[in-house]
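Accompanying notes for the structure given below.
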Amino acid sequence: MTSSIEMQLNPYPWYAQMQAANPVVFSPSHDAYLVFGYEEVRQVFRDYQTFSSAVYHGLSEKLADAFENQLQGIDPPRHTKLRALVSHAFTQREIAELEPNFRAIAEQLADEMMKRQDPDFVRDFAVPYPIAVIAEMIGIPEEDLERFKYWSDVIVEISHRLLTGAEELPEHGNIFLEMSSYFEALIVERRRNPKNDLASRLAVAEIEGARLSDFDAANFCLILLVAGNETTTNLLANAVRTFAEHPDQWQLLRSNPSLVPQAIEEVLRFRAPVQLMMRVATQDAVVGGTTIEAGKRVILFMGAANRDPKKFDDPDTFTITRTASPHTSFGHGIHTCLGAPLARLESAIALEVLLQRVEQIRIAPTGDALQPLTAFNLLGLKRLALDFSNG
Ligand code: HEM
């Protein structure tokens with residue numbers, strides 16, 4: 001894998017080459033098996049007994065507690081219990097109730113962005129919008145919003161460092177403890193004075209007499225920042241980039257806004273915001289004809305799986321009328337993204353708000369208008385400068 005800007009903006013030619021050669025291959029440089037085929041990626045996701053999610057190791061004590069207890073990083077039976085409890089508090093009905101609030105946030109951000117001399121969709125919309133949505137859901141008081149935004153940035157930085165194997169910064173542990181104690185205090189407060197928000201529902205969630213501990217409830221709020229913010233930012237940035245590059249598809253969507261949900265699924269397939277996930281093999285197993293050895297890490301390339309020609313017709317074509325699009329961008333199996341309904345709703349609102357305001361999406365005609373993210377597991381943009389002159 002190269003790390004050039006071209007590769008970060010478009011890893012797909014490399015995937016196609018690897019996939020055609022072999023859907024599963026051992027890479028000495030990653031000391032891991034790389035999985036590119038659609039069926040093979042799904043097989044590993046499904047088989048949680050052979051492929052464990054406990055991939056975070058070697059962290060400082062302060063971070064280990066939080067990261068090693070995250071829903072994403074634990075296996076059954078603990079995962080089953082914790083997921084059932086938090087799902088109870090994070091239901092589709094409660095998300096849908098907040099739709100008008102999310103729309104108001106999106107409209108305000110879009111209007112402000114379009115008034116700017118130098119609009120950057122990432123800075124002005126795709127970053128602040130999911131943070132504001134999650135803050136609204138959890139029930140973060142107005143006066144704590146700035147602190148909350150700052151923590152969101154720190155969490156992203158920590159996650160990148162964990163994934164790339166870079167050292168933690170000394171201050172990260174302390175900031176993490178600060179966040180954890182903030183959320184624990186919020187949970188304790190909501191248990192005493194419940195409101196209509198996620199923090200209150202987490203505080204009282206109960207299944208067959210079992211409750212979330214204060215630690216687990218607070219940690220789930222942290223997980224939402226890790227799992228829900230940057231991912232949605234990337235989905236939105238990828239959507240706008242892709243529509244700018246396919247103006248016919250934007251016109252099609254403008255003439256038929258009921259295609260918005262399908263369009264979002266196609267963006268998710270075409271440019272998966274999370275390109276890969278990791279697992280560790282607990283025993284030898286055969287996947288796509290290759291034997292994966294016990295103890296080795298396995299990297300699942302969902303970005304490649306979503307363009308597997310064995311699964312999708314004409315996979316490199318972006319077409320919002322594609323009907324069956326069972327992409328792997330939200331994972332598969334017991335760890336399937338818990339926030340998918342929220343991500344879908346948030347991005348549908350964002351697209352609708354843009355459809356009402358923007359006739360043609362145009363990337364600004366400057367050399368640095370499009371800057372890719374450098375995190376190797378994500379496909380997204382750091383900057384997407386737009387040109388709103390002439391509609
Ligand atoms: C486009 C946006 C998003 C993408 C692409 C995405 C992607 C994913 C993926 C691939 C997984 C599976 C992880 C695995 O198998 O190891 C996952 C899990 C998860 N996601 Fe998302 N996610 C998005 C948005 C969100 C949002 C908005 C939230 C919540 C606010 C969220 C919360 C979670 C949680 C809690 C899990 C862990 C589930 C479990 O382990 O049981 N995600 N996400």
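Return yes when Y182 is among the aromatic types (F, W, Y) and crowded, with 20+ Cβ neighbours inside 10 Å and no when it is not. Before you say what the answer is, go through the steps one by one.
Values: among the aromatic types (F, W, Y): yes; crowded, with 20+ Cβ neighbours inside 10 Å: no.
Taking the combined requirement at face value, the residue does not satisfy it.
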**Prompt:** Any idea which residue in segment 1-13 is modelled with the lowest pLDDT, counting only those that are part of a helix (DSSP H, G or I) and either in contact with a strand residue (DSSP E or B) (Cβ under 7 Å, 6 or more places away or on another chain) or over 12 Å from F376 (Cβ atoms) (or both)?
**Reply:** I5
**Request:** Only one of these is surrounded by fewer than 18 Cβ atoms within 10 Å (Cβ to Cβ), in contact with a Ser or Thr (Cβ under 7 Å, 6 or more places away or on another chain) and without any contact (Cβ under 8 Å) to a residue 12 or more places away in the chain: P194, P100. Name it.
**Result:** P194
**Asked** Restricting the search to segment 23-46, which residues are assigned to a loop (DSSP other than H, G, I, E, B) and either at positive phi or within 22 Å of the chain's Cα centre (by Cα) (or both)?
**Response** D31, F36, G37
**Asked** Are any of the residues in segment 185-198 closer than 30 Å to L379 by Cβ and of a type outside the set (A, V, I, L, M, F, W, C)?
**Response** no
**Prompt:** Somewhere in segment 127-146, is a residue over 21 Å from I223 (Cβ atoms) and crowded, with 20+ Cβ neighbours inside 10 Å?
**Reply:** no
**Prompt:** For residues in segment 219-262 being away from the ligand (no atom under 15 Å from the Cβ) and among the aromatic types (F, W, Y), which is nearest to G173 (Cα to Cα)?
**Reply:** F243
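The values are calculated or read from the model by the stated rules, or taken from the named source; none is laboratory data. Keep in mind the model is a prediction, meaning the values are calculated, not measured. Every residue, glycine as well, gets a Cβ built from its backbone with ideal geometry; the counts of neighbours run over all protein chains shown.
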